[in-house]
Amino acid sequence: MIDSDVLDRVLARAVRSGAAFAEVFAEDRRSTSLAFDDGRVDRVTSGRDRGAGIRVVNGSTTGYAHTADLTEPGLLA
């Protein structure tokens, strides 16, 4: 989903900024649901959740940001 080299650079930037700890959580989930009424399909819903969260810890301060842009510039922003 996200290239490991990109993750290394993003985490290295966080640590260079003074963080003691940094992590990236990425998700790409697809879902489909069917609703039935009297044995017949009444509604079909589908969706996609895609994005990343970045958590940075520096002492007793924690920062968190999230984005749907999984490119390197998007993660760094």
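The values are calculated or read from the model by the stated rules, or taken from the named source; none is laboratory data. These figures come from a predicted structure and were not determined experimentally. Please note: Cβ atoms are built from the backbone with ideal geometry, for glycine as well, and neighbour counts cover all protein chains shown. Heads up: the accessible areas ignore ligands, DNA and RNA and are worked out on the full protein's heavy atoms, side chains in. Shrake-Rupley method; radii C 1.70, N 1.55, O 1.52, S 1.80 Å.
What are the residues in region 15-31 that are open to solvent by less than 90 Å² (accessible area, probe 1.4 Å) and within 16 Å of the chain's Cα centre (by Cα), if any?
Selection gives 22, 23, 24, 26, 27, 28.
Any idea which residue in region 42-60 is least open to solvent (accessible area, probe 1.4 Å), counting only those that are modelled with pLDDT of 95 or more and polar (S, T, N, Q)?
The selected residue is 45.
Filter region 1-33 for residues that are β-branched (Val, Ile, Thr) and in a strand (DSSP E or B); which is nearest to residue 54 (Cα to Cα)?
Only one residue fits best here, namely 24.
So which pairs qualify, if the first residue must be in region 63-77 and at negative phi, the second must be of a type in the set (Ser, Thr, Tyr) and surrounded by 14 or more Cβ atoms within 10 Å (Cβ to Cβ), the Cβ gap must be under 6 Å, and the two must be at least 6 apart or on different chains?
74/67
Report, by residue number, each residue of region 4-39 that is without any contact (Cβ under 8 Å) to a residue 12 or more places away in the chain and either of a type in the set (Lys, Arg) or farther than 19 Å from residue 64 by Cβ (or both).
Of region 4-39, the ones without any contact (Cβ under 8 Å) to a residue 12 or more places away in the chain are 4-5, 8, 12, 15-16, 34-39.
Within region 4-39, 4, 5, 8, 16, 34, 35, 36, 37, 38, 39 meet the criteria.
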